[in-house]
DNA sequence: TTGTAGGCGTTATCAA
DNA sequence: TTGATAACGCCTACAA
């Protein structure tokens with residue numbers, strides 16, 4: 001490994017001068033600069049980032065600690081985070097906690113021990129309240145879920161409004177007896193449930209069902225099976241995340257039912273497959289790009305100014321209408337075309 | 001930040017003794033060990049990994065440089081890599097090159113500058129031959145694609161055999177006029193194409209079409225459109241990766257055709273949606289878990305023994321049969337049940 | 001404009 | 001068994 005010392009020797013200057021050239025300081029003579037540049041090129045020298053971050057007590061790395069790397073939502077956000085970070089001169093390392101609080105603690109500690117500049121984290125679920133020192137003093141931005149402690153920066157979807165929009169869409173398309181399935185982890189499912197209820201109430205309706213279940217495919221299957229086995233099954237099912245949507249879909253299929261004529265289906269989060277299946281699934285898409293960029297923005301602001309007040313950013317989602325919620329009244333008034341995307 | 005010095009002071013020993021206790025060396029008195037442990041606990045001391053890796057010229061981190069973080073195949077492999085690495089006392093940071101050779105070079109350099117123990121990489125496509133120093137001297141294992149340089153460890157699917165198996169399955173189910181769409185990046189598509197051709201030849205058949213296209217959804221759409229516009233469209237389309245499968249599916253849908261009666265469809269890589277759509281898509285699934293574990297195994301072996309001979313691991317895939325390739329002869333001989341998974 | 005020197009936190013060597 | 005010390009590579013007062 002070539003070090004700054006060898007460059008200095010080759011250029012016939014001190015290590016301090018090499019360092020200054022590398023840092024683009026102005027107080028270096030033209031001639032010294034040229035010699036150093038030549039030596040750097042010839043030796044293929046690259047500064048050792050480990051040493052640099054030991055010295056600076058801080059690195060240019062940002063940690064992204066996600067609760068499920070295989071959730072398309074998080075990989076999409078990860079892309080955005082990386083792009084925004086890269087533009088700001090930072091790089092991103094991704095860690096996966098698998099919704100496991102222990103792994104979360106481990107990775108947060110790791111990030112601290114690695115001197116990262118800051119961390120963006122989607123918290124794993126916790127039974128017990130978070131320890132007071134949860135963030136370990138790191139600059140921290142919480143995404144996707146309500147921060148487990150007060151006073152933290154965060155970027156979340158306006159879940160209640162989003163769920164309300166989705167519910168209103170179902171109502172507008174003629175569905176009345178609507179069931180809601182929401183993830184029981186973190187604040188997200190609960191908030192969406194609230195928005196669902198409120199939208200129904202605003203139209204003088206009550207939920208046909210309204211359950212919190214583990215946000216897993218299997219739970220979605222089970223809950224849907226229960227709903228469909230009722231004497232009067234719901235006309236539509238609204239799912240609080242894409243895993244629940246998967247499960248609901250599987251059960252509906254398994255029972256040989258048709259979407260949306262037997263039961264309509266709507267969910268959260270845009271994934272590849274929701275447009276590929278027939279009919280496509282109406283979803284409320286999260287603005288993954290905006291979420292990632294906002295998170296970086298908040299994080300860098302906090303790094304620059306650790307004492308500043310905490311900001312909570314709430315972003316709006318986008319309703320993407322597909323065939324799974326086609327107008328129900330078509331049975332009555334004939335073949336109206338399905339609503340357009342928007 | 002509490003350092004080893006403060007622990008030493010509090011325990012009334014030298015930093016060397018603290019270090020020894022932390023490293024579980026045996027030559028420490030019982031009493032000194034107890035005092036150090038107490039001090040560590042009291043101060044909440046955690047060793048600074050940056051300093052440790054500066055000193056050791058090596059870290060316990062492994063880099064995973066993937067060409068597309070949003071490809072489910074890579075997130076699945078990432079999961080396996082992480083699990084295996086974790087068991088071996090390493091942690092994993094993930095970087096995304098977006099199939100961009102410049103980003104690839106950048107991240108490989110970053111990994112080196114960060115003193116990672118080694119790197120697992122799925123190479124981005126390259127027009128020009130790779131520079132001789134591509135790996136930067138890092139312990140390196142290539143996955144998914146043929147290594148761009150000789151003498152590197154690698155873990156890849158047995159692509160030719162896999163494509164052959166998929167092709168043979170189509171033939172066995174009564175399809176004769178089969179078109180193949182393969183990704184034009186790296187060795188993978190080409191190998192699958194070879195296996196496809198060979199299997200056809202073995203049955204006295206010739207490909208109905210046999211094209212290399214960019215491995216993107218759009219390219220899959222275009223190529224499929226061309227195929228279906230022919231006077232005699234193929235009876236079946238075999239796609240070399242899941243993005244091409246997506247594209248083919250979209251075009252088939254857009255043209256109002258039915259799978260498999262109008263055209264059968266088969267692809268590579270198991271993803272969530274291929275079992276959710278109707279009919280499900282028959283795929284050749286890659287053993288993502290085995291791939292990740294094999295990669296870690298090779299990497300750690302190379303870290304331990306840098307001079308050892310390069311190993312190329314080829315793994316077999318698994319055929320998952322679904323409705324998209326249902327027996328074609330059913331038109332002639334009636335309702336034979338579809339083949340089972342396996 | 002340049003160089004010297006000290007220190008970031010850790011571990012290995014050597015002597016005691 | 002223990003401790004003092006040097007070194008990993010870099011940056012930055014401070015001095016020249």
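Since every read-out is calculated from the coordinates, none of them should be taken as a lab result. These figures come from a predicted structure and were not determined experimentally. Here the Cβ is made from the backbone with ideal geometry for all residues, glycine too, and neighbour counts use every protein chain on show.
Per-structure values
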{"quantity": "Theoretical FRET efficiency, 1/(1+(r/R0)^6), r = Cβ-Cβ of residue B:254 and residue B:232, R0 22 Å, to 0.05", "calculated": "0.65"}
{"quantity": "Bins of 5 Å from zero: percent of alpha-carbon pairs in segment B:72-143", "calculated": "3, 14, 27, 26, 18, 9, 3, 0"}
{"quantity": "Estimated FRET transfer efficiency (residue B:187, residue A:210; beta-carbon r; R0 51 Å; 0.05)", "calculated": "0.45"}
{"quantity": "Cβ-vector label at 7 Å, residue B:177, separations to other copies in nm", "calculated": "5.0"}
{"quantity": "Within the protein assembly as shown, percent of DSSP bridges classed antiparallel, to nearest 5", "calculated": "10"}
{"quantity": "Separation of alpha-carbon centers, segment B:1-65 and segment A:47-87, rounded to whole Å", "calculated": "27"}
{"quantity": "Spatial extent of chain A: Rg and Dmax, with the Cα atoms as the point set, Å", "calculated": "25.9, 89"}
{"quantity": "Label spacing, shortest first and in nm, from residue A:1 to its equivalents in the remaining copies (7 angstrom along Cα→Cβ)", "calculated": "1.6"}
{"quantity": "Other-copy label distances relative to residue B:44, 7 angstrom Cα-Cβ extension, nm", "calculated": "4.5"}
{"quantity": "Cα-based shape type of segment A:18-147, given that a ≥ b ≥ c are square roots of the gyration tensor eigenvalues and the cut on a/c is 1.5", "calculated": "prolate"}
{"quantity": "Rounded if a/c under 1.5, otherwise prolate or oblate - the protein assembly as shown, Cα gyration tensor axes", "calculated": "oblate"}
{"quantity": "Mean Cα-pair separation over length for chain B, i.e. relative contact order, pairs under 8 Å, 6 or more apart, %", "calculated": "15"}
{"quantity": "A:167, A:318 arranged by Cβ crowding within 10 Å, fewest neighbours leading", "calculated": "A:318, A:167"}
{"quantity": "Residue of B:132, B:24, B:258 that the Gaussian network model of chain B assigns the largest fluctuation, springs spanning Cα pairs under 10 Å", "calculated": "B:24"}
{"quantity": "With Cα atoms, 0 to 90° folded angle of helix B:242-254 axis to chain B main axis", "calculated": "40"}
{"quantity": "10 Å Cβ neighbours from other chains, averaged over peptide B:48-57", "calculated": "6"}
{"quantity": "Residue A:105 paired with residue B:26, simple spin-label distance in nm, labels 7 Å along Cα-to-beta-carbon", "calculated": "3.2"}
{"quantity": "Crossing angle, helix B:159-172 versus chain B [Cα axis fit, 0-90 degrees, rounded to tens]", "calculated": "30"}
{"quantity": "Full-stretch length increase - residue B:262, residue B:58 - with 0.36 nm per residue and alpha-carbon distance subtracted", "calculated": "67.6 nm"}
{"quantity": "Neighbouring partner chain Cβ atoms per residue of A:92-99, average, 10 Å criterion", "calculated": "5"}
{"quantity": "Residues residue B:222 and residue A:16, FRET efficiency given R0 of 56 Å [Cβ-Cβ distance, rounded to 0.05]", "calculated": "0.45"}
{"quantity": "Normalised contact order of segment B:4-47, rounded percent, pairs of Cα under 8 Å and 6 or more residues apart", "calculated": "44"}
{"quantity": "Average beta-carbon neighbours from other chains, 10 Å sphere, peptide B:77-84", "calculated": "2"}
{"quantity": "Degrees, to the nearest 10: B:288-304 long Cα axis against longest axis of chain B", "calculated": "40"}
{"quantity": "Axis-proximal residue, chain B, for the rotation superposing B on A (Cβ, Å)", "calculated": "B:273, 1"}
